[in-house]
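Notes to accompany the following structure.
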């Protein structure tokens, strides 16, 4: 194993050489084809940093750091602003994961995103906030990938050989947005069968993000909080092959409950702040 201390140390990545950060997935099952690991935790990336664009979340930010990011709290170099209610999805996304707090202290934001698992709770949160992945390419250049396009399928992401996810950038407009969250599972402590996260921006634009129920995140965009009819129409247009099928839920059940959860999220976002539903 090699410990990376600068960007130049990452040029060996690709082929049989992989990245080690938290390692909670990497060491959970055999990784055929991997012969060498590069530990990126010594690169010294700050967990959360405020930037002119909004909030930058390092790929090595742990789930504990991510979930603990709440308005007014100092974390890393960022003091999360009280007027950033969108950060509420951070902890909610982590709680959608079936993981102990021991794993939270080790697992990373980048690992959860790059694993591209349908039930990735951190992936769901940063996608719902319209996050953008900052990717380091092996030739020394950078590129950006909207997270709604980052995951192609279960365990398949848009990274090219040798590329490294450096950070996730959440735009200010999403941090300022109101959010809502719903999830369902077949058992109280079971893996999420369907998760819907909603975001309503200050100009009333609304986005509903579906994860766990589908093989990759699906984002539905609306000019305003949608009606039940518009939600049903939008969800019915999703490719039937995208509904995930595993022991945690059949595709028809996932589709049905997603409609119900999406309606609840839209209702909450459509209610004015401080007005009882």
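We did not get these values from a lab; they are worked out from the coordinates using the rules stated. Everything numeric in this text was worked out from a predicted model, so none of it was measured. Reconstructed Cβ throughout: ideal geometry from the backbone, glycine too, with neighbour counts over all protein chains shown.
A compact table of results
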| read-out | value |
| --- | --- |
| Relative contact order, percent, the chain [alpha-carbon distance under 8 Å, six or more residues apart] | 15 |
| Ascending count of other beta-carbon atoms within 10 Å, so fewest first, for 256, 248, 101 | 101, 256, 248 |
| Calculated FRET value between residue 53 and residue 224, using beta carbons and R₀ = 35 Å, to 0.05 | 0.90 |
| Relative exposure of 1, 197, judged by other C-beta atoms within 10 Å (fewest first) | 1, 197 |
| Among 15, 111, 121: highest mean-square fluctuation, GNM of the chain, C-alpha pairs under 10 Å | 15 |
| Helix 251-270 vs. the chain, principal-axis angle (Cα, 0 to 90°, nearest 10) | 70 |
| Between region 1-42 and region 176-209, the Cα center-to-center distance that results, in Å | 33 |
| Per-pair calculated FRET efficiency, R0 = 25 Å: residue 3 and residue 155 via Cβ, rounded to 0.05 | 0.45 |
| Residue order, fewest to most beta carbons within 10 Å, for 222, 181, 27, 90 | 27, 222, 181, 90 |
| Spin-label proximity, residue 46 to region 148-179 - amide N less than 18 Å from point 7 Å beyond Cα toward beta carbon | 166-172 |
| Computed label-point distance, nm, for sites residue 105 and residue 12 using a 7 Å Cα→Cβ extension | 3.0 |
| Virtual spin-label span in nm between residue 173 and residue 83, 7 Å along Cα→Cβ | 1.7 |
